[in-house]
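Below is one structure; the comments refer to it alone.
The values are calculated or read from the model by the stated rules, or taken from the named source; none is laboratory data. These numbers were taken from a predicted model, which means no experiment stands behind them. Because the Cβ atoms are built from the backbone with ideal geometry, glycine has one as well, and the counts that use them run over all protein chains shown.
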Amino acid sequence: MLGHARIPDGAGHLGSLVETFLPWTGLAVPLLMLCALLRRSATAAVAVLLPAVVWCSLFGGTLADKRASGGELTVVTHNANEENPDPARTARALAASGADLVAIEELGDNAPAYSAALRAGHPYHTVRGTVGLWSRYPLADARTVDIAPWPRALRATVRTPKGPVAVYVAHLLSVRFTPLYGFGTSGRDTAARALAAALRAEPLPRTLLMGDFNGTTDDGALSAVTSQLRSAQAESGAGFGLSWPASFPVARIDHILVRGMEPRSAWTLPSTGSDHLPVAASVRL
C-alpha cells in the first residue's frame with residue numbers, strides 16, 4: 001500500500017493497474033485477520049494492525065462526509081454510452097440534478113437528442129466530436145483540445161455571474177487488460193499528457209475539468225493532469241464516489257477537478273442505463 005508509487009509502470013503497466021484498484025487492497029485486512037483466527041495466533045492478529053493502520057492513513061479521510069453547502073456553480077459529467085437507447089431520458093435525469101453545466105461523453109449520434117432535451121434549462125452548448133457541454137450561462141471561445149487522432153476533448157469559457165470560468169470536458173482513451181500485454185494504457189497516457197499541456201497553458205485562473213479519464217486520481221500515470229487541479233470528490237465528497245461499472249462500481253474513473261475554486265460538495269447520481277454513473281459537484285467561485 002505504501003509503496004504503490006514505486007511499482008514499475010513499464011511493460012504491462014502494472015503500476016497503473018494496482019493504483020486503479022488501490023482502495024480494494026483493504027480487503028487484505030479481514031482476510032489476514034481470518035487467517036490469524038484460524039491459526040489462533042495472537043502474534044498474527046496483532047500484525048494485521050499494520051496494514052489496517054496503513055489503509056486507514058491512506059483512505060480513512062475519504063470515508064468521512066465532507067459535503068457542505070454554499071456552492072455557487074453545480075456541474076455534472078456523464079459518460080452516457082454512445083449506444084444509449086434513450087438519450088432524452090438520460091438528459092432529463094442529468095438536468096434534474098440542478099446542474100448549471102452538463103458535460104456528456106460518448107455522444108455517438110445522440111448530440112441532437114441531448115440538445116433538444118436540455119434546451120429549456122441549458123440553452124448554450126458546444127459539441128466537439130464525442131464530447132459536449134451544455135450550460136445555463138453563455139459560452140465563448142469554444143474549441144477542440146487536441147488529445148487524440150479524433151476529437152475527444154473541448155475547452156470553453158463559461159460566462160458565469162461571478163466571472164469567467166475555463167471549462168474542459170475530456171474523454172481519455174480507453175484501457176484494456178489482456179493476459180499477454182497487461183494493462184494497456186499507452187493511448188490514455190499520451191492523451192493525458194496532451195491534456196496536461198493544455199491545462200498548463202490555460203490563462204484563466206478558474207479552471208474546471210470534467211470527464212471520463214479511464215483511470216483514478218491514484219494512478220500516477222495521470223499525475224500530469226491530476227497534480228494541476230484538485231478533486232472535488234476527494235475534498236468535498238462522502239466515500240469513494242465509485243462510478244464504474246454502474247451495475248457494481250469498483251473504481252472512480254469519472255472526475256470533476258477544479259483550480260482557483262473551492263469544492264463544496266460532490267456526489268454520484270443514479271444509474272441512467274449507461275455503464276457509468278454520472279458524477280456531480282458544487283463549487284464556490
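Annotations
- Taken together, the residues in the range 218-247 that are surrounded by fewer than 24 Cβ atoms within 10 Å (Cβ to Cβ) and farther than 16 Å from Leu63 by Cβ amount to 13.
- Selection within the range 60-75 - surrounded by 15 or more Cβ atoms within 10 Å (Cβ to Cβ) and not in a helix (DSSP H, G or I): Lys66, Arg67, Gly71, Glu72, Leu73, Thr74, Val75
- Scanning the range 38-51 for residues that are surrounded by 11 or more Cβ atoms within 10 Å (Cβ to Cβ) and either farther than 30 Å from Leu222 by Cα or free of Cβ contacts under 8 Å to residues at least 24 places away in the same chain (or both) turns up Arg39, Ser41, Ala44, Ala45, Ala47, Val48, Leu49, Leu50.
- Residue within the range 117-139 that is assigned to a loop (DSSP other than H, G, I, E, B), under 21 Å from the mean Cα position of the chain (by Cα) and among the basic types (Lys, Arg) present: no
- Among the candidates Arg200, Arg206, residue that is basic (Lys, Arg) and either in contact with a Pro (Cβ under 8 Å, 6 or more places away or on another chain) or crowded, with 24+ Cβ neighbours inside 10 Å (or both): Arg206
- For the range 92-116, a residue qualifies if it is in contact with a strand residue (DSSP E or B) (Cβ under 7 Å, 6 or more places away or on another chain) and either outside the structural domain of His276 (by TED's automatic domain parsing) or part of a loop (DSSP other than H, G, I, E, B) (or both), and the qualifying residues are Ser97, Gly98, Ala99, Asp100, Glu106, Leu107.
- Against the criterion of being in the same structural domain as Ser97 (by TED's automatic domain parsing), out of contact with any Ser or Thr (no Cβ under 7 Å at 6 or more places or on another chain) and not small (Gly, Ala, Ser), Val279 does not qualify.
Per-residue answers, yes or no, for (1) assigned by TED's automatic domain parsing to the domain that holds Phe213; (2) assigned to a loop (DSSP other than H, G, I, E, B):
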site: Asp9; (1), (2): no, yes
site: Trp24; (1), (2): no, no
site: Leu38; (1), (2): no, no
site: Ala44; (1), (2): no, no
site: Leu58; (1), (2): no, no
site: His78; (1), (2): yes, no
site: Asn81; (1), (2): yes, yes
site: Thr90; (1), (2): yes, no
